[in-house]
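Structure first, commentary second.
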Amino acid sequence: MHHHYLLHKPGGYVSQFISNELKRVKRKKFLGELHPFKEGTMAIGRLDMASEGLLLLTTDGKVSAQVRSKSVEKEYLAQVHGIITQQSCKKLSEGVGIQINGQTYTTLPCEAKLSEPPNYLGPNPRGERHPKHGPCSWVRITLTEGKFRQVRKMTAAVGHPTLRLIRIRVGEEQLEGLDQGQAKEVNSFQLDYRKKL
């Protein structure tokens, strides 16, 4: 019998259970510290250490491949430096050039729109941004791909580096209702198979 979990990953945790870099183990926080997951549980995709939000975990490799496919939407909320405009959102939606393994890659069309942070997010675990560092704003980005640090690279490409990044949805599964660090076991994942843009 396989097991499936929804987790609200806090910032400061790596999306894995053990480290291959034994010398640095003491400096890292792992997912196993948050919940007594069943043996063989793996994170589906990654959120980098600074990022927060919804992480799906499973003991079933087939389900993992299904969630990572381009038929499943992943929605992010990014707090960015400066006041992002509708024009910048249009550029993000149409695709921007980012660096992947030393090569320029143009992101697939996606949905990007101005947003406000929902009240369920809670405070920034890294502390709130001081006004002296300039204004910031929020953008909501929905993707069907997941290149390494893609959202951060995309917002930087339009002149708005990401300050805080939260994944708020995968398919039909929502972050709302999960406190930071909370995990919930589910019978299966509700996945939204979207139409291609």
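Below are the figures for this structure:
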quantity	calculated
Theoretical gain in end-to-end length, His3 to Asn119 [0.36 nm per residue, Cα-Cα removed]	38.7 nm
Projected label distance in nm at Glu172 and Gln16, using a 7 Å step from Cα toward the beta-carbon	3.4
Solution diffusion estimate, µm²/s, Stokes-Einstein, region 73-170, Kirkwood Rh from C-alpha pairs, 25 °C, viscosity 0.890 mPa s	179
For Glu111, residues with placed amide H under 5 Å, excluding near neighbours	Thr142
FRET E, pair Asp192, His133, Förster distance 45 Å, beta-carbon r, rounded to 0.05	0.80
For region 62-73, Karplus couplings with θ = phi - 60° (6.51, -1.76, 1.60), whole Hz, Gly/Pro x	5, 5, 4, 5, 5, 5, 6, 5, 6, 8, 10, 6
Among the listed pairs Lys29/Lys132; Lys62/Lys184; Lys29/Lys91; Lys70/Lys90; Lys62/Lys90, those beyond 28 Å (Cα-Cα)	Lys29/Lys132; Lys29/Lys91; Lys62/Lys90
J(HN,Hα) series, region 86-97, from Karplus relation 6.51 cos²θ - 1.76 cosθ + 1.60, nearest Hz, glycine and proline x	4, 5, 5, 4, 4, 4, 4, 5, 7, x, 10, x
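Only the coordinates and a few stated rules stand behind these numbers; no lab work does. Please read these numbers as outputs of a predicted model, since none were measured by experiment. Here Cβ is always computed from backbone atoms with ideal geometry, including for glycine, and neighbour counts include all displayed protein chains.
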